[in-house]
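The values are calculated or read from the model by the stated rules, or taken from the named source; none is laboratory data. Computed from a predicted structure; not experimentally measured. Note: ideal-geometry Cβ built from the backbone for every residue, glycine included; neighbour counts use all protein chains shown. To get the accessible areas, we keep the full protein, side chains included, count just its heavy atoms, and leave off ligands, DNA and RNA. Shrake-Rupley method; radii C 1.70, N 1.55, O 1.52, S 1.80 Å.
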Amino acid sequence: DMLLSHRSGMFRGIPQYEEIAQAMESASGVIEKRAVVSAHLLLKSPEFKPDTKDSYSNVAYVVAAHVLERITKRSWEELITDKIFSKLSMKSCGFGPLGNISESTPSAPIAHISKQGTLTPIFTDNSPIWGPAGRVHCNLVDWSKYLQAHLDGANGKDNLLKSESFIPLQT
C-alpha cells in the first residue's frame, strides 16, 4: 500500500544507477531487469521513514510490479493486458512510445519535443523496466472505458474490482 500511495520512503529514481547498469544489461528480459532494480533498491535505506510523508516515486511502481511478477511468474505487461485491457475491451492499448514512424498518416498521437522553437516528433520512450510508471498508451475511446470503470466503482458498482476496492485507488 505504501509503495502505491507514495508513502514508502522509496527513491524517486535509481540511486547509484551505475552500480546496477551492467547487471541490468546482462539480465534477460524485462522481468529479470525489474528484479535487478528491485533488489538494488530494497537493499538501500529509504529516503525517509515510511508512512510519514508523501513523495512521488516511479521506482515504487517498478518494485510493486516486480512483486506481482514474482508471485504470478508473468510480466507486468501481460498482467495489465489480461486483467484490465482485455476485460474492458481496450483494444488500442500498448506499451512504449506513441505513434509509428513508418506511417505516412498517423493513426495515433505522436510525442514531440521542441527544438529551437520547432516541434520534432519522437518515437522513443523510457526503458521497458519503467512500464509500471507510465509506458501505457491508448486512444480516447479506450481511456474512457478505464475512466468509466473508476466512475462505476466510485458509485458503488462492481466491475473490474469490487466497488470498495476503488476507494484507496481514488484517495
Here the residues within the range 32-72 that are open to solvent by 80 Å² or more (accessible area, probe 1.4 Å) and within 19 Å of LYS83 (Cβ to Cβ) are LEU68, ARG70, ILE71
*So is SER89 within 15 Å of the chain's Cα centre (by Cα) and among the polar types (S, T, N, Q) or not?*
no
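Among the residues of the range 114-124, are any charged (D, E, K, R), out of contact with any helix residue (DSSP H, G or I) (no Cβ under 6 Å at 6 or more places or on another chain), part of a loop (DSSP other than H, G, I, E, B) and more than 27 Å from ARG34 (Cβ to Cβ)?
no
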- Would you confirm whether any residue within the range 138-150 is of a type outside the set (Gly, Ala, Ser) and within 30 Å of SER28 (Cβ to Cβ)? yes
With the first residue restricted to the range 155-171 and required to be assigned to a helix (DSSP H, G or I), and the second required to be of a type in the set (Ser, Thr, Tyr), Cβ contacts under 8 Å at 6 or more apart or on different chains are PRO168/SER5
The correct count of residues that are more than 18 Å from HIS150 (Cβ to Cβ) and among the charged types (D, E, K, R) in the range 81-110 is 3
Filtering the range 97-134 down to residues that are among the polar types (S, T, N, Q) and either touching a residue at least 40 places away in the same chain (Cβ under 8 Å) or open to solvent by less than 60 Å² (accessible area, probe 1.4 Å) (or both) yields THR120, SER127
Listed by first then second residue, the pairs whose first member lies in the range 138-153 and is more than 16 Å from THR81 (Cβ to Cβ) and among the hydrophobic types (A, V, I, L, M, F, W, C), whose partner is modelled with pLDDT of 95 or more and open to solvent by 70 Å² or more (accessible area, probe 1.4 Å), with beta carbons under 9 Å and at least 6 positions apart or on separate chains, are LEU151/LYS157
What do you reckon, is LYS91 within 29 Å of THR171 (Cβ to Cβ) and either open to solvent by 50 Å² or more (accessible area, probe 1.4 Å) or at pLDDT below 90 (or both)?
no
Filtering the range 6-27 down to residues that are open to solvent by 40 Å² or more (accessible area, probe 1.4 Å) and at pLDDT below 90 yields ARG12, GLN16, TYR17, GLU18, GLU19, GLN22, ALA23, GLU25, SER26
